[in-house]
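Notes to accompany the following structure.
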Amino acid sequence: MMRSSIDASSGFFVFRSLVWLTLLGIAVQFFLAGLTVFGGGAGWEVHAATGGALALPILIVFAMTLRGVLARFRGFASLLLGGYLVQVTLAALGDGLPMLGALHPVNGLAMGLVAFVLVGRIRQRRP
């Protein structure tokens, strides 16, 4: 019994840490985009690479909600994963369809909001 309690506790810690990492990563994305727009950044390549790296914590967060006590967070994890897929699609289509590309930062803001709300929900519902 004690072992499963320790496993659940460490799993919750990993989950919470990955959600915080995702929120921080989204904030860094806005910073990198702003830095590039105003001429001080390393270019869009760093923004794209960082965005690609965000796939890993988002996928793990979603996967962790498929079982156990973390299942209660599946709705927000699904929104985060869906938002990420939309984000990648908007970035890919943005050059050819500027109206869709313009939605890329709006979707990023929505993803940040979902991650922020998820952090709050995690703080309220500790297992």
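Please treat every number below as a calculation from the coordinates, not as lab data. Just so it is clear, the model here is predicted, and its values are computed rather than measured.
Evaluate the relative contact order of the chain (contact order divided by residue number), counting alpha-carbon pairs under 8 angstrom at least 6 apart; express in whole percent. Can you show the working numbers first?
On the way: 100 pairs, mean separation 36.5, N = 127.
29 percent.
Could you pull out every whole DSSP H run in the chain that spans at least 20 Å of Cα extent along its own axis and averages 0.0 or higher on the Kyte-Doolittle scale?
Numbers: long enough: 2-37 (52 Å, 1.29); 74-93 (28 Å, 1.37); 103-124 (32 Å, 1.04).
Those that pass (Cα extent of 20 Å or more, hydropathy at least 0.0) are 2-37, 74-93, 103-124.
Among [x] 13.8, 44; [y] 16.2, 57; [z] 13.8, 38, only one was calculated for this model; which label is it, if the read-out is Rg and Dmax of the Cα atoms in Å?
After the calculation, the listed value that fits is [y].
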